[in-house]
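See below for the structure under consideration.
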Amino acid sequence: MNISYPYRQTPKVSLSLFVFLAVIVPIVTIVSVSLYLSPPHDTSRPATRDWMWRRKLWEMNAGLLGLGVSLATATVIFTGVKNLTGKPRPYLLAICDPDMNHVPRHTVGGLGQNISSLWVMVNEDICQQPDKKWLNDGFRSFPSGYATSKWISSW
């Protein structure tokens, strides 16, 4: 029952808002903090204007590189986990459009047949969806992209 929801055409959070919150806001924060709130100069060397700008630019560079590395690492890790776990999305049955007239042909397990012939495990060949890329995306629910961005922002 948890994979029989209808397919939603519009996502709950738009892609532009997601990119704004996950990429643009951290970039603006890193740039503003490194330029305006960088720590005071080291007392062991003279605080020239050139030295202060170099230090601010170095801090901004380190922050932006850290953000880029964390986004790239999280993308690789979570994409790998999605491909390994393959938990179905809530609208998988709407994408799949199963052929209910030929369930015995696609049955891969026998447990549940005593209750109903529709409570058996079937393989993905039961799906009538011609676009295999979209069908495979229906199996990539866990972990979500929003969870990935939350995990990144908690660092």
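The values are calculated or read from the model by the stated rules, or taken from the named source; none is laboratory data. These figures come from a predicted structure and were not determined experimentally. Methodologically, a virtual Cβ is constructed for each residue, glycine included, from the backbone with ideal geometry; neighbour enumeration extends over all protein chains shown.
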Report task. Kindly list, by first and then second residue, each pair from a residue in region 100-125 that is more than 22 Å from Gly86 (Cβ to Cβ) to a residue that is at pLDDT below 80 and not charged (D, E, K, R), limited to pairs with Cβ atoms under 6 Å and residues at least 6 apart or on different chains. Result -> Gln113/Val120
Query raised in the report: Any idea which residue in region 39-85 is modelled with the lowest pLDDT, counting only those that are assigned to a helix (DSSP H, G or I) and of a type in the set (Lys, Arg)?
Result: Lys82
Query raised in the report: In this structure, does Lys12 turn out to be modelled with pLDDT under 90, part of a loop (DSSP other than H, G, I, E, B) and within 29 Å of Gly138 (Cα to Cα)?
Result: yes
Query raised in the report: Looking at region 63-74, which of its residues are closer than 21 Å to Val28 by Cβ and surrounded by fewer than 15 Cβ atoms within 10 Å (Cβ to Cβ)?
Result: Leu65, Gly66, Gly68, Val69, Ala72
Requested in this report: From the list Ser141, Ser117, pick out the single residue that is farther than 18 Å from Ile77 by Cβ, at pLDDT below 75, assigned to a loop (DSSP other than H, G, I, E, B) and of a type in the set (S, T, N, Q).
Outcome: Ser117
